[in-house]
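Only the coordinates and a few stated rules stand behind these numbers; no lab work does. What you see is a predicted model; the values in this text were computed from it and never measured. Counting neighbours? That spans all protein chains shown, and the Cβs are built from the backbone with ideal geometry, glycine included.
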Amino acid sequence: MKKLHLAISTNDIKATIKDYSKRLSAKPCLVISGEYALWRTETLNVSIRQDSSCQPGELRHLGWEDSTALSMSVETDVNGIVWENFTASQQAEEINEIWSKANYQPES
């Protein structure tokens with residue numbers, strides 16, 4: 001199964017979590033205080049991140065959470081948009097490498 005992945009920059013994690021939780025009708029499955037949040041719904045994988053290299057609200061990248069991905073891959077499309085392809089476990093590994101105290105384990 002594939003879920004569309006959207007990664008968006010923010011300068012206010014707390015306010016964005018409140019807003020997106022309402023829009024997605026779900027609470028994030030992971031919050032790194034002041035830095036990152038992740039939602040995994042039936043159809044979407046949405047992350048927000050405080051990222052000084054991007055303007056608030058800017059698309060950081062797109063991708064697919066794909067249960068059949070053999071490894072995490074990254075490509076850039078004809079418009080310069082970065083696309084990632086990964087399993088939930090591969091995404092968790094990346095999260096845990098960046099934030100070692102997160103100990104994030106995705107639900108099946």
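In region 1-103, with Lys and Arg counted as +1 and Asp and Glu as -1 at Cβ, which of these residues, ILE81, SER100, LEU24, has the Cα nearest the positive end of the dipole, that is, farthest along it?
Ranked along the dipole, the leading option is LEU24.
For the chain, what is the mean residue ellipticity at 222 nm derived from helices alone (per DSSP H run of n ≥ 4: -39500 (n - 2.57); sum divided by total residues; nearest 500 deg cm²/dmol)? Numbers along the way, then the final one.
Details: 2 runs with 23 residues, N = 108.
For the chain, the value works out to -6500 deg cm²/dmol.
Which order do the peptides 61-71, 2-12 come out in when sorted by mean C-beta neighbours inside 10 angstrom, highest first?
Numbers: 61-71: 15.6, 2-12: 17.2.
Result, highest mean first: 2-12, 61-71.
Taking the Cα centre of region 2-98 as the origin, how large is its charge dipole in debye, to the nearest 20, when only Lys and Arg (+1) and Asp and Glu (-1) carry charge on their Cβ atoms? All intermediate terms of the calculation are to be shown ahead of the outcome.
Values: 10 positive and 14 negative charges, 109 e Å.
So the dipole magnitude of region 2-98 works out to roughly 520 debye.
From the mean inverse distance of alpha carbon pairs (Kirkwood) and the Cα radius of gyration, derive Rg over Rh for region 2-98. Spell out each step's value before the answer.
On the way: Rg = 12.9 Å, Rh = 13.7 Å.
Rg/Rh: 0.95.
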